[in-house]
Amino acid sequence: MIDILLISSGPDRSQKIEQLLEGCGIAHRVRAQHGSVPQLRAHAADIKSADLLIVDDVDLEPHDMVSIEEALSHMPQLNCMLVTPAPSTALLMAAMRAGVRHVLPWPLDAHAFAAELSHVWSKKTAGTRREGRVVSLTSCKGGTGTTFIAMNVAHALATQRGKRVLLVDVNQQFADASLLVADQTPAATLADLCAQIDRLDNAFFDACVMHMNDNFDVLAGAGDPIRAGELRPAQLERVLALARSQYDAVIVDLGLGINPLAIHVLDQSDRICMLVRQSVLYLRAGRRMLDIFNELGYASSKISVLVNQYDKHAPVDLQAFEQSFGTSIAHRFSRDDKQAGAALDQGLPIMSVAKGSALAQDIVAFAHMLSPAPQKEKKGGLARLFASKPRDVPQLKTGH
Ligand SMILES: Nc1ncnc2c1ncn2[C@@H]1O[C@H](COP(=O)(O)OP(=O)(O)O)[C@@H](O)[C@H]1O
Ligand SMILES: [Mg+2]
């Protein structure tokens, strides 16, 4: 049951929204009141007890988001949906910064409205049955090694730490994570799954993922920007909610950059890993990316900066990053062109190609940081992310 507070600027519109709520098939209770964004404070008591605040306001401007931000800052669990005619890009960005993830144009499209409600519903229920942890890897530039590290860390968590792991490829350009572990064409991709989201259950999900070994599955990416453009945040959230309930760890290869879809995934991530390489280009872009994470309200404790292709002779050293970013580097992965290239050519994890290499060891070390062995468990930061559960199992047979 979703508890909804609807604040609307006109009775006709309020009635129309209530009709749509009736038709969307999601259990809810709605309280409707007359008002607009600048008057939100007057409704503070009612907002407090709601799961979803819908504000329908014909005259929304970016500066109105101050009132929304104030309301959301007191109630971090509250979902907020704004409805307004033809929302501008400036309004969308201001809303996103204020923590609003649902902005719909008036007149409302019944299908889009129902999809957003379903997202709020799955978010509410996901919170109660959460098991697995979502770790997203992202970068401000292509070619950083995001896909390579995501896949190898996922593989190491499965094979070295005995975790049940899903790698999800959410790249919105040319998704390629599945190619790093298999030469077969995936039976289905994330786009296929999202296109049939109404069929989503454990069995359908299981039929869509590639089974790499007993513990490690891969959900291939949409494949190209056109298909990725069809992905909807609400669909992706349902996929992640189900994945959480089925796996100990969900590693997301988010690829490059920040956009509304990526922000939805980042919102749901327990940890965000920003990968950089030792080039001056990353100093500025990485700093900006961290600033945006901050503007989006992510706690700095949720963010880890990782250096890939580390070379101690490179002109930009770790200290330069720490000075520019104002945070320490959580981990580094050695540069090894030969073995990384061999792994790529063979479509195998680095552990299968060069187990003893410094790069493979760096990857295993990171898997241990995410999921420490029980006796060595530390109390803070990364160490608790996948804190072992009683059903923690020893390493299972691997397919590679
Ligand atoms: N630590 C590393 N040492 C050497 N080469 C690497 C390393 N990590 C990744 N690479 C190589 O860098 C290239 C880009 O990697 P990729 O994962 O596709 O980057 P991204 O997903 O960030 O665009 C690939 O050829 C990959 O093999
Ligand atoms: Mg990639």
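For the range 241-254, state whether one or more residues are among the hydroxyl-bearing types (Ser, Thr, Tyr), closer than 30 Å to GLN196 by Cα and assigned to a helix (DSSP H, G or I).
yes
Quick check on the range 160-187: of everything there that is in a loop (DSSP other than H, G, I, E, B) and within 20 Å of LYS355 (Cβ to Cβ), which residue is farthest from ligand 1 (Cβ to nearest atom)?
Across the range 160-187, the extreme among qualifying residues is GLY162.
If you check ARG31 against the conditions, is it in contact (Cβ under 8 Å) with a residue 12 or more places away in the chain, in the same structural domain as SER118 (by TED's automatic domain parsing) and buried (at least 18 other Cβ atoms within 10 Å of the Cβ)?
no
If we only count strands (runs of 3 or more DSSP E) wholly inside the range 22-141, which ones have 2 or more residues that are closer than 30 Å to SER279 by Cα?
Correct list: 133-139.
Give me the residue from the range 48-93 that is within 19 Å of ALA299 (Cα to Cα) and of a type in the set (A, V, I, L, M) and, out of that set, surrounded by the most Cβ atoms within 10 Å (Cβ to Cβ).
ALA71
Can you name the condition, by its number, that ALA222 falls short on among (1) assigned to a helix (DSSP H, G or I); (2) free of Cβ contacts under 8 Å to residues at least 60 places away in the same chain; (3) under 16 Å from the mean Cα position of the chain (by Cα)?
Only one criterion in (1) assigned to a helix (DSSP H, G or I); (2) free of Cβ contacts under 8 Å to residues at least 60 places away in the same chain; (3) under 16 Å from the mean Cα position of the chain (by Cα) is unmet by ALA222, namely (1).
The rows are residues; the columns are (1) within 12 Å of ligand 2 (Cβ to nearest atom); (2) free of Cβ contacts under 8 Å to residues at least 24 places away in the same chain; (3) hydroxyl-bearing (Ser, Thr, Tyr).
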site: ASN152; (1), (2), (3): no, no, no
site: THR159; (1), (2), (3): no, no, yes
site: ASP169; (1), (2), (3): yes, no, no
site: GLN184; (1), (2), (3): no, no, no
site: ALA195; (1), (2), (3): no, no, no
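Quick one: would you say TRP106 is among the aromatic types (Phe, Trp, Tyr), modelled with pLDDT under 90 and farther than 23 Å from LEU348 by Cβ?
Spelling it out, it is not the case that TRP106 is among the aromatic types (Phe, Trp, Tyr), modelled with pLDDT under 90 and farther than 23 Å from LEU348 by Cβ.
The values are calculated or read from the model by the stated rules, or taken from the named source; none is laboratory data. All of these numbers come straight from a predicted model, not from anything done at the bench. Quick reminder, even Gly has a Cβ in these numbers, built from the backbone with ideal geometry, and neighbours come from all protein chains shown.
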